[in-house]
Amino acid sequence: MEGPRIKGWFKMRLLLTIVGKKALNELKKESKDGKKSSANCLRRILTTSKDTVYGKEHKFADILAAKTDDELFALYQKNVKLNDYEDFRPYIDRHKNGEPDILFPGKPKFYATTSGTTKEPKWIPVTEQYYKEVYKKMNQAWFYTMIMNRPMVFYKNTCSIVGKAIEGAAPDGTVYGSIGGVMQRDIPDFMKVLYTAPLDVSHIPDYKARYYTIMRFSIEKDVSLILTANPSTLVEMQTNVNEFFDDYCNDIEYGTLSNKFPMPDDIRKIMTDFAKPNPKRAAELRKLKQQYGTVLPKHYWPNMQVVNVWFCGNTKIYYEKVKDSFPKDCVFHEFGYISTECKTGVTLKSNQPETTIFGHKSYFEFIHESETDNPNPKIHQIHELKQGERYCMLITTCSGLYRYNMNDLLKVNSYFNEFPQLEFIQKVNGTISLTGEKLHERQFIEAVHETERQTKKTVPFFVGFANPEKSNYKYYFEFADQNTSQSEAEAFTVKLDNIMQEYNGEYRDKRQSNRLKAPETALMGPESFERFKAACIESGYRDGQFKLNLLMQDEKRQAMFKDLIKQ
């Protein structure tokens with residue numbers, strides 16, 4: 001068996017190297033002149049969409065008449081304002097209802113869904129061009145970078161955890177789902193054989209059942225690569241191992257799948273047909289438990305080469321929790337600064353946090369962090385960024401997003417020729433994301449008001465704080481009825497938590513999978529806002545400049561609220 005495996009591994013590595021090196025060479029070539037690549041990219045996008053509804057409304061043809069690159073950038077800024085998703089929602093709704101040529105020619109290949117700033121989710125269109133040119137082609141560079149860093153990365157098996165590829169359809173029939181799921185579905189067949197479980201595992205609705213099934217099949221195999229964006233998933237995987245290790249061993253020994261967990265009959269059949277008795281591996285695992293007590297990835301996956309996850313921003317907390325559980329000689333490869341809206345680039349080296357942007361595939365603009373509150377900020381092109389400085393990114397893609405504010409703070413760590421290499425720092429402007437939930441202040445406020453309506457309780461002042469160490473939120477409430485008890489306040493929080501799960505699908509997913517823990521409750525006395533503001537002004541805030549976000553990740557400000565809690 002080892003002979004065919006080695007032969008297949010060499011063939012696969014050769015194919016990935018050929019296509020990956022080609023994509024990486026394109027990146028190297030284009031990055032030599034960042035300004036020219038940016039201008040060429042913008043011209044291609046505008047040329048493609050100049051005859052669409054949005055293109056005509058925003059004078060793309062006039063912009064393209066620019067004679068110089070600087071004139072092109074200036075005309076684009078003049079005719080297209082800074083946008084968020086709500087600016088595009090009416091156009092996307094027209095696409096969803098079957099109209100072509102609205103934001104881009106034709107209709108999208110599919111939609112990727114994610115949480116928005118309101119209770120309505122975002123539907124991000126993905127065009128055929130964007131899918132082929134960015135996701136598919138540049139993913140080849142991504143696979144190649146892992147081979148460059150760890151040549152044996154694809155020698156064993158791959159544990160990949162992604163969302164469901166297809167979750168439903170728009171009114172016109174265009175499907176929507178997880179971009180990660182679609183990419184995994186469409187990978188070459190020679191790579192699919194490496195995955196530890198059938199792709200249908202992502203269709204298991206119950207989270208504990210899904211994690212159990214993923215780990216039941218993965219722990220049976222010799223895994224050399226893990227692909228999952230958020231390291232909080234690794235925490236939950238190990239929690240599952242700790243709780244169900246004996247069940248794994250029994251299932252692996254007899255080729256079964258435990259009936260402890262709810263699962264649709266058709267999916268259970270696929271999983272049980274995939275399972276085969278493996279008493280030898282079951283014995284190995286039981287021996288590991290006898291030897292170590294708590295069995296960790298470094299024990300059951302000793303040949304791990306690469307763990308591909310985020311470890312920037314808040315995710316670093318979870319990375320720190322799990323990194324020592326893996327073999328010392330494996331590397332952590334930053335998943336890269338990517339989102340549902342845009343695959344911005346690729347991480348070239350392992351154990352480093354920065355993403356080299358694809359300045360030739362999407363058009364990027366930047367606002368310095370000092371001007372993020374300025375309604376008319378100075379715009380910087382990629383060749384104008386300064387190393388060590390922090391910026392907010394605007395994206396323009398061939399999937400219909402134009403000057404879209406990513407609402408992320410990024411630091412320029414270094415350069416790849418003239419393309420910046422960026423590190424994600426945090427969300428900005430009212431959005432918090434501990435485990436990928438992207439909870440917006442507006443959603444939180446709307447959910448509190450809906451909770452007031454449903455409970456008939458009035459809350460004159462409230463504020464929420466994210467606690468990265470505990471992976472949860474803590475809510476501070478001042479009730480109009482000061483006789484409200486702690487238990488009543490906690491019941492209010494439970495109702496609020498349920499409503500926020502209705503408003504934000506990613507918040508719901510993270511809560512149900514226990515990556516995001518249950519929120520805590522603090523009960524404040526009367527005039528709490530006034531007392532807090534007075535304390536802030538006393539500590540140096542200017543009265544005329546004082547403002548308070550109602551959803552924050554700010555340890556210093558949260559500490560100031562401790563004095564406002566009822567004793």
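The values are calculated or read from the model by the stated rules, or taken from the named source; none is laboratory data. Treat the numbers as computed from the prediction; the structure is a model and nothing was measured. Every residue, glycine among them, receives a Cβ derived from its backbone with ideal geometry; neighbour counts consider all protein chains shown. Please note that ligands, DNA and RNA were not included when accessible areas were found on the heavy atoms of the full protein model with its side chains. Shrake-Rupley method; radii C 1.70, N 1.55, O 1.52, S 1.80 Å.
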Within the range 457-477, can one find any residue that is at negative phi, of a type in the set (Asp, Glu), in contact with a helix residue (DSSP H, G or I) (Cβ under 7 Å, 6 or more places away or on another chain) and open to solvent by 30 Å² or more (accessible area, probe 1.4 Å)? yes
Does the range 291-307 include one or more residues that are touching a Pro at 6+ places or on another chain (Cβ under 9 Å) and of a type in the set (Val, Ile, Thr)? yes
Among (1) closer than 28 Å to PRO205 by Cα; (2) modelled with pLDDT of 95 or more; (3) surrounded by fewer than 20 Cβ atoms within 10 Å (Cβ to Cβ), where does PHE492 come up short? (3)
Counting only residues in the range 401-440 that are small (Gly, Ala, Ser) and out of contact with any Pro (no Cβ under 9 Å at 6 or more places or on another chain), the one surrounded by the fewest Cβ atoms within 10 Å (Cβ to Cβ) is identified as GLY430
GLU527 within 16 Å of VAL463 (Cα to Cα), surrounded by fewer than 15 Cβ atoms within 10 Å (Cβ to Cβ) and in contact with an Asp or Glu (Cβ under 9 Å, 6 or more places away or on another chain): yes
Of the conditions (1) more than 30 Å from the chain's Cα centre (by Cα); (2) over 25 Å from ASN139 (Cβ atoms); (3) aromatic (Phe, Trp, Tyr), PHE10 fails just one. Which one is it? (2)
Could you check, for the range 164-173, whether at least one of its residues is within 19 Å of PRO188 (Cβ to Cβ) and of a type outside the set (A, V, I, L, M)? no
Hey, any hits in the range 200-208 for a residue that's aliphatic (A, V, I, L, M), touching a helix residue (DSSP H, G or I) at 6+ places or on another chain (Cβ under 9 Å) and more than 26 Å from LYS269 (Cβ to Cβ)? no
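Residues checked against (1) open to solvent by less than 70 Å² (accessible area, probe 1.4 Å); (2) of a type in the set (Ser, Thr, Tyr); (3) out of contact with any helix residue (DSSP H, G or I) (no Cβ under 6 Å at 6 or more places or on another chain); (4) farther than 30 Å from GLY168 by Cα:
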position: THR52; (1), (2), (3), (4): yes, yes, yes, no
position: LEU72; (1), (2), (3), (4): yes, no, no, yes
position: LYS81; (1), (2), (3), (4): no, no, yes, yes
position: ARG89; (1), (2), (3), (4): yes, no, yes, no
position: PHE104; (1), (2), (3), (4): yes, no, no, no
Over 26 Å from LEU75 (Cβ atoms), open to solvent by 30 Å² or more (accessible area, probe 1.4 Å), at pLDDT 95 or above and assigned to a helix (DSSP H, G or I), is that true of GLU446? no
Six or more apart or on different chains, Cβ atoms under 8 Å: show the pairs whose first residue is in the range 110-139 and assigned to a helix (DSSP H, G or I) and whose second is modelled with pLDDT under 90 and of a type in the set (D, E, K, R). LYS136/ASP186
Taking the options MET152, MET146, name whichever one is crowded, with 21+ Cβ neighbours inside 10 Å and either of a type in the set (Val, Ile, Thr) or over 23 Å from THR435 (Cα atoms) (or both). MET146
In the range 353-376, which residues are in contact (Cβ under 8 Å) with a residue 60 or more places away in the chain and open to solvent by 10 Å² or more (accessible area, probe 1.4 Å)? PRO353, GLU354, LYS361
Checking the conditions here, which among VAL412, VAL428 is free of Cβ contacts under 8 Å to residues at least 60 places away in the same chain and touching a Cys at 6+ places or on another chain (Cβ under 7 Å)? VAL428
Residue list for the range 199-236, filter: of a type in the set (Phe, Trp, Tyr) and buried (at least 22 other Cβ atoms within 10 Å of the Cβ): TYR211, TYR212, PHE217
Can you pull out the residues in the range 316-329 that are among the hydrophobic types (A, V, I, L, M, F, W, C), in contact (Cβ under 8 Å) with a residue 40 or more places away in the chain and surrounded by 19 or more Cβ atoms within 10 Å (Cβ to Cβ)? VAL322
Among the numbered conditions (1) on the phi > 0 side of the Ramachandran plot; (2) in contact with a helix residue (DSSP H, G or I) (Cβ under 7 Å, 6 or more places away or on another chain), tell me where GLY388 comes up short. (2)
I need the full set of residues from the range 229-271 which are under 25 Å from LEU288 (Cβ atoms), in a helix (DSSP H, G or I) and of a type in the set (Val, Ile, Thr), in order please. THR233, VAL235, THR239, VAL241, ILE252
Out of the range 395-419, which residues are assigned to a strand (DSSP E or B), modelled with pLDDT of 95 or more and touching a Ser or Thr at 6+ places or on another chain (Cβ under 8 Å)? ILE395, THR396, TYR404, PHE416, PHE419
Residue tally, condition in contact with a helix residue (DSSP H, G or I) (Cβ under 7 Å, 6 or more places away or on another chain) and surrounded by 19 or more Cβ atoms within 10 Å (Cβ to Cβ), over the range 181-197: 4
Sole miss for CYS41 among (1) open to solvent by less than 40 Å² (accessible area, probe 1.4 Å); (2) assigned to a loop (DSSP other than H, G, I, E, B) is condition (2)
Within the range 155-176, the residues that are surrounded by fewer than 19 Cβ atoms within 10 Å (Cβ to Cβ) and part of a strand (DSSP E or B) are GLY168, ALA169, VAL175
Being hydrophobic (A, V, I, L, M, F, W, C) and either free of Cβ contacts under 8 Å to residues at least 40 places away in the same chain or open to solvent by 10 Å² or more (accessible area, probe 1.4 Å) (or both) is the filter here; which residues of the range 331-352 pass it? VAL331, PHE332, PHE335, ILE338, LEU348
